[in-house]
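Have a look at the structure below, then the notes.
The values are calculated or read from the model by the stated rules, or taken from the named source; none is laboratory data. Everything numeric here is computed off the predicted structure, so don't read it as measured data. Cβ placement follows ideal geometry from the backbone for every residue including glycine, while neighbour counts extend to all protein chains displayed. With ligands, DNA and RNA removed, areas are computed over all heavy atoms of the protein, side chains included. Shrake-Rupley method; radii C 1.70, N 1.55, O 1.52, S 1.80 Å.
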Amino acid sequence: MADTMQGLKRTGYCGTFRGSQVGTRVVVAGFVQKIRDKGSLIFVDLRDRTGILQLVFDDATPKELLQKAATVRSEFVLMAAGTLRERASKNPEIPTGDVELFVDDLRILSKAQTPPFEITDQTNVKEDLRLKYRYLDLRRAEMQQTLFLRHKIVKAARDYYDKNGFLEVETPILIKSTPEGARDYLVPSRVHAGEFYALPQSPQLFKQLLMLSGYDRYMQIARCFRDEDLRADRQPEFTQIDVEMSFVDEDDVMTINEGFIAEVFKNVLDVDVKASFRRIPYHEAMNRYGSDKPDTRFGLELVDLTDILKSCEFKAFSGAIETGSVRAINVKGGATALTRKELDKLVEFVKTYKAKGLAYTRISVEGESSSFEKFLTEDEKNAIRKAVDAQTGDVILVVADADNNVVFDSLGALRGNLAAKLNLIPENSFDFLWVVDFPLFEYDPEENRYAAKHHPFTSPKLDEIDKIETDPANTHARAYDMVLNGCEIGGGSIRISNPELQQRMFTALGLDEATAKERFGFLLEAFAYGVPPHGGMAFGLDRLVMLMLGKTSIRDVIAFPKVQNASDLMTDCPSPVDKKNLDELHIAVQKNSD
RNA sequence: GGCCUGGUAGUUCAGUUGGUUAGAACGCUAGCCUGUCACGCUAGAGGUCGAGGGUUCGAGUCCCUUCCAGGUCGCCA
């Protein structure tokens, strides 16, 4: 039977004691980090969320207590009372290294099995094991620091938006399914046979309705759900800092949210962020970086060679140009770093982005050895070298494709790959920017129609409204994404606040009036009762925390994350349910049969 | 759904051309140890080599299937 806490009250956290407190009587509690048993001298490192305090038992300790101390093992939960004293030999490595607790009352509150992995700060234990025993993984100081900082970030968000007049309102988790966009998680209704709720992909429509209801400024730390495949920076459930404002234009929304970023970086990391982030139009971002979320911490910008190669003899280039383009990256001084083998790897790399290949040439001293320049005229060669500012020792990488998206995707990804490989990314730099002037629509070849690039409630540019019917491909949105170090950390838009325009937008997206009414009728109806112009944005909290803390996986900043197949290794969910439950929900499950 | 990488002791890993009884470090257990803090010394336990099938005289190693995990493309309004 384990001991109880009876008669003892904790007086302080382990990691807080200092030399100035020598002589005081203290009671501490926590987990056993480490035992060093030297026979008649026993040290126990006791750990809580603040750090470690050394407990000591020696020849002045009653024999029974010494024997009890010798039975202690890793991760036992202890409470210990005694007198704080100065150490005979100090440990400058830890904050409490000058003191130790000479214990006269030891309570073993809970014994512990040997954990499946050591609870140490530095770990290289495989992640699936850590996730199966997440409650043990979360004991590690590194994880505890992460969750403390995440808490500070969330608190900074609530404080900042509160200070600026925003009201936090909870929106529902069980909502109407809207098939536009990502796949919904569905929840069957017991009361309504054959009908379903959906979990929100975002509180989008509710926050717009709150503007219509006159709340003027709303924010929420909102849980969102998307039933899509996972990535290193994507979980099926994630948290947004969700913001909406009335009577605003793009500048208002961007300014207030830049302010939040500046404040949270200052409060949490003590990093000064210069407000008024630069703004890059979508087309410029694509042309220069091949991405709508460019990493601007390094160069390697794309150069358009299309005009130069329009009538060249090389079919791989000229053929692509009819509908697509030829673009290049000049890797300055890359000739030594990029061996033939490395270059071949890059060729394979761009193929994963559907590029047919990667042409390259190394600008060497004695002329050149090239995979493609032999097909070009002297004029074309010289024009290329001039366009990319080629000098001896450079490597020029070229992608040509009939589909511009392939050129952008592959070269955009190649930029990041090269920057990492060549160590071009400065450490501890936070480079913010806005990407603006997004296209309103994106053509979906599978469905043979235009789809909203952002979402169907995003307003077109005011002077382009009529183009949504006449020239959808060249209509731009009042949308903006905040980008940090090549990662989209937030995005938003000025919304449509006019029922007729909203209906026109639905029509342009291929939703007939009846379908639009069935899906979004409540919104159109609400709009009939007076709606302020409004807009907002949402930050991906998990990604923000990840970037602020320099983590590479979103799982590292979530207490209980899911793994790549969207299951939870600790609770083993999802899992089958009883037939009785299914019957109540009017659901029949089809067994998978091969 | 596609592609790539990995799975050997509790953990992290090594394991040669297919060849004797599969090793190391840490952890764990026991004993000794009065100033440790990566404690030390001695001894010990611990393995379905992810699973199934195949080739072979012989498989951790080769082949097939499959499971698990990671990365990525598609997907993510």
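Overview of results
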| item | result |
| --- | --- |
| Cα centroid of the stretch A:78-139 to Cα centroid of the stretch A:153-230, whole Å | 41 Å |
| Cα Rg, Dmax (largest Cα-Cα span) when computed across the stretch A:365-517, Å | 21.6, 70 |
| Efficiency of FRET between A:A402 and A:R49 - r from beta-carbon atoms, R0 56 angstrom, step 0.05 | 0.45 |
| Accessible area of the stretch A:118-162 belonging to carbon and sulfur atoms, whole % at 1.4 Å probe | 49 percent |
| Chain A, dipole about Cα centre (Lys/Arg Cβ +1, Asp/Glu Cβ -1), debye to the nearest 20 | 2400 debye |
| Cα-based helix-to-principal-axis angle, A:404-421 vs chain A, degrees rounded to 10 | 40 degrees |
| Solvent-accessible heavy-atom area per residue, rounded to whole Å², over the stretch A:203-276 at 1.4 Å | 42 Å² |
| Added length on full extension, which subtracts the Cα-Cα distance from 0.36 nm per residue, A:A193 to A:R18 | 56.5 nm |
| Under the Debye formula (equal points on every Cα, no solvent term), log10 I(q)/I(0) of chain A at q = 0.07, 0.09, 0.12, 0.13 Å⁻¹ | -0.62, -0.92, -1.25, -1.34 |
| Rg and Dmax [Cα atoms of the stretch A:218-293; Å; Rg one decimal, Dmax integer] | 15.6, 37 |
| Reciprocal of mean inverse Cα separation for the stretch A:164-294 (Kirkwood radius, Å) | 17.6 Å |
| Global form of the stretch A:1-92, assessed from the alpha-carbon gyration tensor, a/c cut-off 1.5 | rounded |
| Gain upon complete extension [A:T178, A:A420; 0.36 nm per residue less C-alpha separation] | 83.2 nm |
| Using alpha-carbon coordinates, inclination of helix A:499-508 to the longest axis of chain A, degrees | 70 degrees |
